[in-house]
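Notes for the one structure printed next.
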Amino acid sequence: MTTPAGPFAGPFAGPFAGPFAGTARLTARRRELELDALASGPSVDLLVIGGGVTGAGVALDAAARGLSVALVEARDLAFGTSRWSSKLVHGGLRYLASGRIGVARESAVERGVLMTRTAPHLVRALPQLVPLLHGLMRPGQAALVRAGFHAGDALRLSAGTPGRLLPRVRRVGADRARALVPGLRGAGLSGALVAHDGQLVDDARLVVALARTAAQYGVSVLTRVRAEQVTGSGARLTDTLTGESFLLGARAVVNATGVWAGEVDPSIRLRPSRGTHLLVDATALGRPAAALTVPVPGSTSRFVFALPQQLGRVAIGLTDEDAPGPVPDEPQPTEAELDFLLDTVNTALETALTRADVRGAYAGLRPLIDTGDGATADLSRQHAVLESPDGVITVVGGKLTTYRRMAQDAVDAAVRLRALPARACWTARLPLVGAPGHRDSRPAPEGEVAASLLARHGGAASEVLAVGEERLGAGYGAPVAEGIDVSRAEIAYALTHEGALDVEDVLHRRTRIGLVPADADRARAAVEEIAAKV
């Protein structure tokens, strides 16, 4: 098999070759036309069920190999676990510490791919600071952390990620430690260990970039479409906006629905684990430039992180709790988890945080494969590709960082099991929308674009502003609400280019304004006004 010479080489593979062919623009009109084309047209090579990071990755991988692909999602892109992460693109240090060398190396390799080729515009190097505070760690624990950091640096080297992107581990003095995390307790502080890992500006934005790039390769990206009566050769698809249904045939079907995988394929046994974060204003920790890493009392391997985020927030997480029972649309943190996170992070802070400081909280469910007894923290994060008795191919497990490899393995399985006429995988070299090297990326002139806009949109930032000016006129660059660093132009762009179908899509998944309920309330009227205009 040969690899395409570059992005978008080869024929348009999608079932609808109309005015959107070859573009990354997701709109309500495109959705409508592609649904009509699928309802009346031939079958596709691959039907992907699930619009999270793994499903979007599978769709892009398959389309880039020359297959015709439809991606259906019952709700919205990044509706489930993919928007509830810590937003870390990590090198697998935790897995190395527990002896899972293969998983750790896979994480380090995929982190390097994201940071150097596929999405460097969405990922930055984040310093991770472990304070050397008297009484904070058990005897010998600092030495273990230092050894772990050095092992992580060895992983970085083996994965080929340059030191200019992820500097080597170092020890810093107390003054430098408090400069990186001003809220750090000063009494008993002798310094800190500092390592670097990757951090996404936004996990949901990665999913949207994947879906838009997939659409550019011909994938029909269809949100608000429910798949039922799923078999290895197709499914009944229902447009939840109109209630209309039709049968779609497919040579292969991939179930990438995460924690809902068992609802599509009852042979799948999962044991979801809940990870909870709370959000505070960055000012409460002195606007930290590094992630504060605090050991969990009584444990040698668990930590709580205070992670700087966009929009002036810090996310403090995370937990690892069994979450049995029916899978909710939006998991909720428990009171005990919030107390645990506050109590742990406060052991390292000068001024303790209280419930009054909490601006928001969120929880996500990890789709862990059920292997029997044991705590969820001990279950493997290795992904699996499984085939059901009726031929549905399920990809499950894993984590956000390794989505691309999960997608590759799932498509490899579909190609092998169904003899699909596909090229070799080349997504490790395929830049996403907004990334340098993508055909539509346009570097913005220095000083023209706000840093926050550039961080969220990369080489598409100038297009965002152009759309805002065209659709909204004067004031398109103004914040959507006072104190919220999201422009009116970004709201318009979410609706005209990123597949947002309503105000909730914009607030909760195209932007992350909705992570803080009070912010969503303040921005809602402006978002509704912009939606009415565009």
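The values are calculated or read from the model by the stated rules, or taken from the named source; none is laboratory data. Here the structure is a predicted model, which means the values were calculated and not measured. Positions of Cβ are backbone-derived with ideal geometry, glycine not excepted, and every protein chain shown enters the neighbour counts. What goes into the accessible areas is simple: the full protein's heavy atoms, side chains included, and nothing from ligands, DNA or RNA. Shrake-Rupley method; radii C 1.70, N 1.55, O 1.52, S 1.80 Å.
Inspect the stretch 461-472 for any residue being open to solvent by less than 10 Å² (accessible area, probe 1.4 Å), without any contact (Cβ under 8 Å) to a residue 40 or more places away in the chain and within 26 Å of VAL53 (Cα to Cα) and give the result as yes or no.
Quick first cut of the stretch 461-472, residues open to solvent by less than 10 Å² (accessible area, probe 1.4 Å) only: 461, 464, 468.
In the following step, the residues that additionally are without any contact (Cβ under 8 Å) to a residue 40 or more places away in the chain were identified as 461, 464, 468.
Within this subset, residues satisfying the condition of being within 26 Å of VAL53 (Cα to Cα) are 461, 464.
Yes, the conditions are met somewhere in the stretch 461-472.
Restricting attention to the stretch 123-164, which residues are open to solvent by 20 Å² or more (accessible area, probe 1.4 Å) and among the hydroxyl-bearing types (Ser, Thr, Tyr)?
Once the filter is applied, which keeps residues that are open to solvent by 20 Å² or more (accessible area, probe 1.4 Å) and among the hydroxyl-bearing types (Ser, Thr, Tyr), the stretch 123-164 yields only SER158.
Against the condition in contact (Cβ under 8 Å) with a residue 24 or more places away in the chain, of a type in the set (A, V, I, L, M) and farther than 22 Å from THR402 by Cβ, how does ALA227 come out, does it pass?
Values: in contact (Cβ under 8 Å) with a residue 24 or more places away in the chain: yes; of a type in the set (A, V, I, L, M): yes; farther than 22 Å from THR402 by Cβ: yes.
Yes, satisfied.
If you scan the stretch 430-460, which residues turn out to be at negative phi and exposed (fewer than 15 other Cβ atoms within 10 Å of the Cβ)?
Taking the stretch 430-460 as the starting set, the residues that turn out to be at negative phi are 430-433, 435-436, 438-446, 448-457, 459-460.
Result: PRO436, ARG439, ARG442, PRO443, PRO445, GLU446, GLU448, ALA451.
Across the stretch 356-396, what is the number of residues that are at positive phi and modelled with pLDDT under 95?
The number of residues fulfilling the criteria is 2.
Scanning for something within 23 Å of ILE513 (Cβ to Cβ), modelled with pLDDT of 95 or more and open to solvent by 10 Å² or more (accessible area, probe 1.4 Å), does the stretch 263-277 turn up at least one residue? Talk me through it step by step, then tell me what you get.
From the stretch 263-277, those within 23 Å of ILE513 (Cβ to Cβ) are 275-277; that's our starting set.
Narrowing further to those that are modelled with pLDDT of 95 or more: 275-277.
Pick out the ones that are also open to solvent by 10 Å² or more (accessible area, probe 1.4 Å) and you get none.
No: the stretch 263-277 contains no residue that is within 23 Å of ILE513 (Cβ to Cβ), modelled with pLDDT of 95 or more and open to solvent by 10 Å² or more (accessible area, probe 1.4 Å).
Considering only the stretch 442-453, state which residues are in contact (Cβ under 8 Å) with a residue 24 or more places away in the chain and closer than 17 Å to ALA119 by Cα.
First pass over the stretch 442-453, keeping only residues in contact (Cβ under 8 Å) with a residue 24 or more places away in the chain: 450, 452-453.
The answer is SER452, LEU453.
Tell me the residue from PRO131, PRO127, PRO120, PRO139 that is over 30 Å from MET406 (Cα atoms) and touching a residue at least 12 places away in the same chain (Cβ under 8 Å), please. Reasoning before the result, please.
On the way: PRO127 fails: over 30 Å from MET406 (Cα atoms); PRO120 fails: over 30 Å from MET406 (Cα atoms); PRO139 fails: touching a residue at least 12 places away in the same chain (Cβ under 8 Å).
Selected residue: PRO131, the only one of PRO131, PRO127, PRO120, PRO139 that is over 30 Å from MET406 (Cα atoms) and touching a residue at least 12 places away in the same chain (Cβ under 8 Å).
Which one is modelled with the lowest pLDDT, of the residues in the stretch 476-534 that are over 26 Å from ALA315 (Cβ atoms), open to solvent by 10 Å² or more (accessible area, probe 1.4 Å) and among the hydrophobic types (A, V, I, L, M, F, W, C)?
Going through the qualifying residues, I end up with VAL534.
Has the stretch 408-422 got at least one residue that is closer than 19 Å to GLY55 by Cβ, among the basic types (Lys, Arg) and either at pLDDT 95 or above or part of a loop (DSSP other than H, G, I, E, B) (or both)? Walk me through it before giving the result.
Filtering the stretch 408-422 down to residues closer than 19 Å to GLY55 by Cβ leaves 408-415, 417-418, 420, 422.
Still in the running and among the basic types (Lys, Arg): 418.
From the residues that got through so far, the ones that are either at pLDDT 95 or above or part of a loop (DSSP other than H, G, I, E, B) (or both) too are 418.
Yes, the conditions are met somewhere in the stretch 408-422.
Mind listing whichever residues of the stretch 186-211 are touching a helix residue (DSSP H, G or I) at 6+ places or on another chain (Cβ under 9 Å), open to solvent by 10 Å² or more (accessible area, probe 1.4 Å) and not hydrophobic (A, V, I, L, M, F, W, C)?
GLY186, SER190, HIS196, ASP197, ARG205, listed by residue number.
Which of the residues that make up the stretch 73-122 are open to solvent by less than 10 Å² (accessible area, probe 1.4 Å), within 30 Å of LEU144 (Cβ to Cβ), in a loop (DSSP other than H, G, I, E, B) and modelled with pLDDT of 95 or more?
Selection gives LYS87 alone.
Name the single residue that is farthest from ARG100 (Cα to Cα) among those in the stretch 385-401 being open to solvent by 20 Å² or more (accessible area, probe 1.4 Å) and assigned to a strand (DSSP E or B).
Quick first cut of the stretch 385-401, residues open to solvent by 20 Å² or more (accessible area, probe 1.4 Å) only: 385-387, 389-390, 399-400.
Now narrow it down to the ones that are assigned to a strand (DSSP E or B): 385-387.
On the way: VAL385: 19, LEU386: 21, GLU387: 25 Å.
Across the stretch 385-401, the extreme among qualifying residues is GLU387.
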